[in-house]
Amino acid sequence: MKSKKVPFSYKRAKPLDLSFEDLESLDPSTLRVFSTGFVSSYRMLGVPAQRDGRYKTASMLLSHNRLTGGLNDIRLLVDRLFRQPDALCWLDLSHNQLTDVSDVLLGFPNLSTLYLHHNQLASLCAVARINRLPKLRSLTLQNNPVAEYRGYRIAVLSVLKRITRLDFVSVTDSERRLLPPIALESFIKNYLVHQKC
């Protein structure tokens with residue numbers, strides 16, 4: 001999907017905050033925000049709602065919930081809540097129970113910051129998939145089983161060449177020079193012999 005220019009006012013807007021909502025699913029039909037008709041203003045931090053119930057923002061917090069599995073319904077949720085769904089630039093999914101990263105995220109071409117720390121991601125295969133996000137520059141994966149692999153940081157940076165921050169730490173030029181010059185397919189094969197992608 002081709003990215004569209006995100007209005008500066010959307011980038012500067014406060015994030016749409018659905019954290020600490022005890023969510024188990026992102027299916028819009030199960031969320032309180034749709035039964036009440038709006039996100040509580042104290043949780044919205046001043047993001048203006050349009051008359052159609054959509055918000056002018058490019059960021060969303062979904063941290064500290066009970067989301068499991070993948071993220072198959074995230075597109076439906078963003079389409080229902082965002083004035084310009086493709087403007088999503090910053091997504092916080094930390095502190096959940098996610099075991100996979102859905103290809104649905106690839107439908108957000110402007111996504112540049114993705115927080116996935118404190119989940120249950122166990123495979124670098126999910127990391128390899130998000131490499132197809134053209135603007136992704138900042139990613140967090142610490143406190144996931146995948147982060148326990150020996151050489152985890154080097155592995156992730158080898159797969160995600162465009163990342164400038166991993167786990168809240170900037171990627172340095174000297175660190176980039178130390179990366180092995182191995183093709184993506186062989187690299188994943190060497191590190192994940194027993195994983196299924």
In region 47-72, residue farthest from R32 (Cα to Cα) [restricted to those that are modelled with pLDDT of 90 or more and assigned to a loop (DSSP other than H, G, I, E, B)]: A58
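If you check L76 against the conditions, is it in contact with a Leu (Cβ under 8 Å, 6 or more places away or on another chain), open to solvent by 40 Å² or more (accessible area, probe 1.4 Å) and under 17 Å from L61 (Cα atoms)? Lay out the reasoning, then the answer.
Numbers: in contact with a Leu (Cβ under 8 Å, 6 or more places away or on another chain): yes; open to solvent by 40 Å² or more (accessible area, probe 1.4 Å): yes; under 17 Å from L61 (Cα atoms): yes.
Considered against the rule, which asks whether it is in contact with a Leu (Cβ under 8 Å, 6 or more places away or on another chain), open to solvent by 40 Å² or more (accessible area, probe 1.4 Å) and under 17 Å from L61 (Cα atoms), L76 comes out as yes.
Can you name the residue in region 132-146 that is open to solvent by less than 40 Å² (accessible area, probe 1.4 Å) and modelled with pLDDT under 95 and is also farthest from L98 (Cα to Cα) among such residues? Show your work before the answer.
Residues of region 132-146 that are open to solvent by less than 40 Å² (accessible area, probe 1.4 Å), as a first pass: 133, 136, 138-141, 144, 146.
Subsequent filtering for residues that are modelled with pLDDT under 95 retains 133, 146.
Details: L133: 19, V146: 12 Å.
Result: L133.
Condition check ((1) in contact with a Pro (Cβ under 6 Å, 6 or more places away or on another chain); (2) at pLDDT below 95; (3) closer than 30 Å to S29 by Cβ) across all residues:
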position: Q84; (1), (2), (3): no, yes, yes
position: L106; (1), (2), (3): no, yes, yes
position: L116; (1), (2), (3): no, no, yes
position: R129; (1), (2), (3): no, yes, yes
position: R150; (1), (2), (3): no, yes, no
position: V159; (1), (2), (3): no, yes, no
position: S174; (1), (2), (3): no, yes, no
Complete set of residues in region 152-177 that are open to solvent by 30 Å² or more (accessible area, probe 1.4 Å), in a helix (DSSP H, G or I) and either β-branched (V, I, T) or closer than 20 Å to N119 by Cα (or both): R153, I154
Of all residues in region 84-100 being closer than 14 Å to N72 by Cα and assigned to a loop (DSSP other than H, G, I, E, B), the one that is most open to solvent (accessible area, probe 1.4 Å): T99
Filter result for D103 (open to solvent by 10 Å² or more (accessible area, probe 1.4 Å) and within 14 Å of the chain's Cα centre (by Cα)): yes
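Residue by residue through region 110-131, note down the ones that are part of a helix (DSSP H, G or I), closer than 14 Å to T99 by Cβ and open to solvent by 20 Å² or more (accessible area, probe 1.4 Å). I'd like the intermediate steps shown before the answer.
First pass over region 110-131, keeping only residues part of a helix (DSSP H, G or I): 124-130.
Still in the running and closer than 14 Å to T99 by Cβ: 124-127, 129.
R129 - this is the single residue of region 110-131 that is part of a helix (DSSP H, G or I), closer than 14 Å to T99 by Cβ and open to solvent by 20 Å² or more (accessible area, probe 1.4 Å).
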Cβ-Cβ under 6 Å pairs, at least 6 apart or on other chains, region 14-32 side farther than 14 Å from L77 by Cβ, far side modelled with pLDDT of 85 or more and assigned to a loop (DSSP other than H, G, I, E, B): F20/H64
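The values are calculated or read from the model by the stated rules, or taken from the named source; none is laboratory data. Not measured: the values here are computed from a predicted model. Positions of Cβ are backbone-derived with ideal geometry, glycine not excepted, and every protein chain shown enters the neighbour counts. The protein model used for the area step is the full one, side chains on, heavy atoms only, and it has no ligands, DNA or RNA in it. Shrake-Rupley method; radii C 1.70, N 1.55, O 1.52, S 1.80 Å.
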